[in-house]
Amino acid sequence: MGRLGFKLEAEARGSKARAARFTTLHGEVCTPVFMPVGTQATVKSQTVESLLETGSNVLLANTYHLLLRPGPEVFEKFGGIHRFMNWSRPVLTDSGGFQIFSLPHSRRMDEAGAQFQSYVDGRMILLSPELSIGMQKAIGSDIMMVLDQCIPSTAPKAMALEAMQLTHRWAERSLRARGDSPQSMFGIVQGACFEDLRVQSAEFLTRLPFDGFAIGGLAVGESKQEREDFTELAAGLLPRELPRYLMGVGTPIDILEAVHRGVDMFDCILPSQLAQRGVAFTSRGKLQLRRSVYKFSEDRLDPECDCHTCKSFSRAYLHHLNKTEEVLGWHLLSRHNLAFYHGLMGRIRSSILSDQFLDFYREQRERLVRTDEENPSTPFQGPKPSRSERRLTLGDYEVVRSPKGFSSIRQRSSGEIMHSVNPPDEEARRLYVEPSSFKERLNQSETVVVWDVGLGAAHNAMSAIREVEGLGVSGAVLRIESFEIDLDPLRLAFRNAPRFPHLHHPAPSSILREGRWVRSDGGIEWRLFEGDFLTRLGEAHMPDLIFYDPFSNKTDSGLWTREAFSRLKAVLGDRDVRIMTYSHSTLIRSILLDCGFFVGSGPASGPKASTTVAFNSAGEAFRSGLLLGHDWLDRRSRSDARYPTGLDEAARKEMDDRIRNHPQFRRPV
């Protein structure tokens with residue numbers, strides 16, 4: 001039973017959703033429950049009174065920040081956080097592990113703990129499990145979290161295994177450090193996106209006397225589908241008779257999906273963070289109050305909400321406050337968002353107790369992903385466009401959904417679909433990122449430059465960014481130079497971001513807004529060169545890798561000509577460069593060879609048995625073991641599509657001679 005006296009009250013039929021209650025040192029908690037984030041003993045822009053009015057019952061505070069300021073001595077003097085901030089209800093404290101993870105170049109992690117430099121006074125601090133728990137005891141939280149090592153969910157398995165095992169050892173030390181304190185403590189299941197590691201972690205931790213368990217290491221880089229799958233896996237491995245907490249998640253739809261998969265507790269900064277940007281969650285969908293359509297709207301924010309904001313102020317006034325960046329606008333929208341979250345949790349709980357959760361789930365899945373562009377109550381001027389015109393199309397492009405469940409962008413004039421066969425992120429990783437061997441390159445060089453030719457919806461660039469973020473390599477820079485003549489595909493995908501999980505990252509919005517994004521530590525730089533690739537390539541840093549992914553020869557013929565590849569060859573000089581492309585046509589391979597590149601066979605993609613990889617120099621080409629051999633030359637000689645159009649017989653013979661005499665075919669392959 002643990003210290004919380006957890007009582008499971010109901011489980012939904014056809015779902016893993018459950019309703020329960022438990023008792024902390026400062027009161028009872030009914031689940032499912034959302035915990036507003038009060039990182040530094042305050043929820044940003046809110047008072048204790050406004051929090052109580054919204055329905056808040058449990059707050060989350062952060063050990064890392066409170067350790068640095070005001071420090072344990074203050075909490076010891078006041079007898080804990082409750083008297084210090086005048087909050088009489090339960091408090092959960094995070095251990096500081098995630099915040100340490102967020103400072104990859106300002107800390108060192110080892111068996112003893114996490115050593116980092118204080119942002120307050122510059123001193124070095126070793127946050128050990130013992131110090132973390134000691135600080136949480138001083139804070140006097142109702143629920144303490146063990147210190148864990150958080151890593152990107154996309155990290156390699158070896159890194160995930162090492163972090164998981166360290167987390168387990170720290171968990172044991174955290175329990176010992178608690179001693180006889182009446183405070184409850186949760187263990188944290190880690191293992192990134194590896195099923196066997198999640199199983200190992202749950203098996204180890206559930207043998208220890210924790211009062212509940214958290215699912216950690218999600219919402220840090222994985223796709224939405226991966227997050228849902230691993231949430232369900234981890235929740236199913238945890239004891240039925242103890243609470244389950246999904247850390248750092250998330251949007252209303254994320255919470256609904258996680259409840260459906262068996263989770264009881266949630267926290268996230270989004271209600272306050274997005275409110276500061278003018279975003280409100282409502283029963284009609286998500287609204288962006290900075291849009292000019294609300295300038296004259298006398299409507300209340302949410303007609304189904306009775307919070308102070310909705311009862312007292314019009315959308316026009318909230319629009320004005322947010323456009324002028326008044327703090328009151330942040331306060332009022334955050335106040336409403338928290339009320340919406342708590343109201344949603346209450347309705348979820350009621351539906352579970354009345355055994356109507358599945359019906360509620362199906363209805364809310366549609367409602368919670370709507371935006372004000374889809375909302376019939378949103379003001380508009382002139383004829384109202386259809387839903388597809390408003391949201392799923394832009395210029396010459398439209399969003400299409402594959403029978404396999406993923407979305408892609410299609411050019412309507414040509415009918416050509418970007419990443420049409422495989423899930424786009426999967427294809428980007430297989431064709432471009434994995435063959436790039438970023439870890440080895442970044443360990444050997446201070447800077448690795450990628451030319452991303454044909455930005456499209458940014459799948460390739462974002463796949464590279466997430467890969468490098470997961471490696472944890474320090475002291476080296478990944479520089480991505482993207483070339484695109486038409487940004488409508490990315491704008492359209494961004495407009496439909498729920499369908500494109502790879503865009504759930506700060507980089508794409510910065511690229512669209514400013515044409516540039518730099519990670520806070522300078523370890524990744526991304527620049528956009530808008531316009532024709534052949535015109536602008538001279539402005540970019542010289543590449544080590546080229547993702548060559550424009551539309552096909554049929555649609556974007558100018559980038560697949562001998563002239564284009566000859567220009568590229570001349571610019572590259574004798575630099576070691578690897579070029580990867582989805583094409584496997586005999587013609588494109590012939591042109592590359594004719595221009596002097598070394599050409600090999602790349603990874604398979606969908607129905608294609610192979611793609612193409614080209615090298616600018618012989619050394620890397622022959623070391624790769626990928627080069628086409630004489631058997632390909634034989635097949636080429638029988639192909640009817642091996643020459644560019646317009647070549648006469650003499651020119652064809654010259655091309656054949658150049659290819660046969662290419663150095664690639666003059667030595668064993």
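The values are calculated or read from the model by the stated rules, or taken from the named source; none is laboratory data. These numbers come from a predicted model, not from an experiment. Here the Cβ positions follow ideal geometry from the backbone for every residue, glycine too, while neighbour counts run over all protein chains shown.
Remarks
- The condition of being outside the structural domain of Arg367 (by TED's automatic domain parsing), out of contact with any Cys (no Cβ under 9 Å at 6 or more places or on another chain), small (Gly, Ala, Ser) and buried (at least 22 other Cβ atoms within 10 Å of the Cβ) holds for only one of Ala275, Ala234, that being Ala234.
Here's the yes/no breakdown for (1) under 18 Å from Glu481 (Cα atoms); (2) surrounded by 13 or more Cβ atoms within 10 Å (Cβ to Cβ); (3) without any contact (Cβ under 8 Å) to a residue 12 or more places away in the chain; (4) within 34 Å of the chain's Cα centre (by Cα):
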residue	(1), (2), (3), (4)
Glu530	yes, yes, no, yes
Gly538	yes, no, no, yes
Tyr548	yes, yes, no, yes
Leu559	yes, yes, no, yes
Ala570	no, no, yes, no
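- Residue check for Val91: over 24 Å from Gly122 (Cα atoms) and crowded, with 18+ Cβ neighbours inside 10 Å: yes
- In the condition set (1) modelled with pLDDT of 85 or more; (2) surrounded by fewer than 17 Cβ atoms within 10 Å (Cβ to Cβ); (3) closer than 18 Å to Gln149 by Cα, Phe78 is compliant with all but (3).
- Annotation: of all residues in segment 94-108 being modelled with pLDDT under 80 and assigned to a strand (DSSP E or B), the one that is surrounded by the fewest Cβ atoms within 10 Å (Cβ to Cβ) is Arg108.
- Residues of segment 293-313 satisfying the condition of being touching a residue at least 24 places away in the same chain (Cβ under 8 Å) and either of a type in the set (S, T, N, Q) or outside the structural domain of Arg347 (by TED's automatic domain parsing) (or both): Ser297, Thr309
- Applying the condition of being surrounded by 20 or more Cβ atoms within 10 Å (Cβ to Cβ) and β-branched (Val, Ile, Thr) to segment 38-67 and asking which residue is nearest to Asp267 (Cα to Cα) yields Val58.
- Any hit, segment 139-157, residues being of a type in the set (Val, Ile, Thr), touching a helix residue (DSSP H, G or I) at 6+ places or on another chain (Cβ under 7 Å), in the same structural domain as Gln200 (by TED's automatic domain parsing) and not in a loop (DSSP other than H, G, I, E, B): yes
- Any chance Thr645 is in contact with a His (Cβ under 8 Å, 6 or more places away or on another chain) and either in a helix (DSSP H, G or I) or assigned by TED's automatic domain parsing to the domain that holds Leu568 (or both): no
- Listed by position, the strands (runs of 3 or more DSSP E) enclosed by segment 406-489 that each have at least 2 residues that are more than 21 Å from Gly602 (Cβ to Cβ) and not assigned by TED's automatic domain parsing to the domain that holds Gly515 are 407-411.
Every residue, every condition in (1) at pLDDT 95 or above; (2) over 30 Å from His502 (Cβ atoms); (3) surrounded by fewer than 22 Cβ atoms within 10 Å (Cβ to Cβ), yes or no:
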| residue | (1), (2), (3) |
| --- | --- |
| Ala160 | no, no, no |
| Glu203 | yes, yes, yes |
| Arg207 | yes, yes, yes |
| Ser223 | no, no, yes |
| Glu241 | yes, yes, yes |
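- The set of residues in segment 26-67 being assigned to a strand (DSSP E or B) and acidic (Asp, Glu) consists of Glu28 alone.
- Restricting segment 395-420 to residues that are more than 25 Å from Gln225 (Cβ to Cβ) and of a type outside the set (Gly, Ala, Ser), the residue that is modelled with the lowest pLDDT is Arg412.
- On inspection, Ala61 qualifies as of a type in the set (Gly, Ala, Ser), in contact with a helix residue (DSSP H, G or I) (Cβ under 8 Å, 6 or more places away or on another chain) and within 22 Å of Ile125 (Cβ to Cβ).
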